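Worksheet: the structure to be examined is printed underneath.
A short reminder: the numbers here are calculations on the coordinates, not readings from a lab. This one's a predicted model, so the numbers in the text were calculated from it and none came from an experiment. Every residue, glycine among them, receives a Cβ derived from its backbone with ideal geometry; neighbour counts consider all protein chains shown.
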Amino acid sequence: MDRHSLMCQLLDRFQKGLPLCAKPYAAMADELGVSEAEVLSCLAGLADSGVLSRIGPVFEHRRAGASTLAALAIAPAELDQVAALVSAHPAVNHNYAREHRYNLWFVVTGCDRAAIDSALADIATLAGQTPLDLPMLESFHIDLAFALDHAAIALSQPSHRAEVRACLP
């Protein structure tokens, strides 16, 4: 399989789940009829170019512990610095900037609510303000998979834009 076809197959077939086994990339390779090294190389290329930002599991947080959505109102000139401090905290699994008074949003996870409260206190000390704490009150399942034959994909790297668009009809 050529690299372009492999990229399209990986993006389309494995976005909703990786094989649950000791060697998931080898299982993906077997399913696609390529080597594990080819799968890993293609995924590394997609990650290096910014097409993929993360490869990993999404857990149902209530079964794995506790979490909360949090936000800070940071001066624009300090946003990158504070975001780096927040991201470095082990309880934070991701953060993102938003155009709002509360412009730095992040998810805090822990084994229980006390661990989250402790992490939020740490972050308050680092940021110089108490984060807005928005715990989930009701859970909704959102299917975040996108069929490539229906998606309009905007990619950050021009070198892969044409390749991924070629996966579209």
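If you place +1 on the Cβ of every Lys and Arg and -1 on the Cβ of every Asp and Glu, how big does the dipole about the Cα centre of the stretch 61-112 come out, in debye to the nearest 20? Don't skip to the end; give the middle numbers.
Details: 4 positive and 4 negative charges, 51 e Å.
Magnitude of the dipole: close to 240 debye.
Place a point 7 Å from Cα of S41 in the direction of its Cβ. Which residues in the stretch 1-32 have their backbone N less than 12 Å from it? 1-4, by backbone N distance to the label point. A simple spin-label model places the labels of L52 and L137 3.8 nm from each other, with each point 7 Å out along Cα-to-Cβ. Placing pseudo-labels 7 Å out from each Cα toward the beta carbon at E78 and A115 gives an inter-label distance of 2.9 nm.
Averaging 1/r across all pairs of distinct Cα atoms in the stretch 61-134 and inverting the result yields a Kirkwood radius of 12.1 Å.
Karplus-based coupling profile of the stretch 80-85, in residue order and whole Hz: 4, 5, 5, 4, 5, 5, with θ = phi - 60° in 6.51 cos²θ - 1.76 cosθ + 1.60 and x standing for Gly or Pro. In sequence order, the stretch 11-19 has phi-based couplings of 5, 7, 8, 10, 6, 9, x, 9, x Hz under the Karplus curve 6.51 cos²θ - 1.76 cosθ + 1.60, θ = phi - 60°, and Gly or Pro positions carry x. Rounded to whole numbers, the Karplus 3J(HN,Hα) couplings from phi for the stretch 23-29 are 10, x, 6, 5, 5, 4, 4 Hz, using 6.51 cos²θ - 1.76 cosθ + 1.60 with θ = phi - 60°, and x at Gly and Pro.
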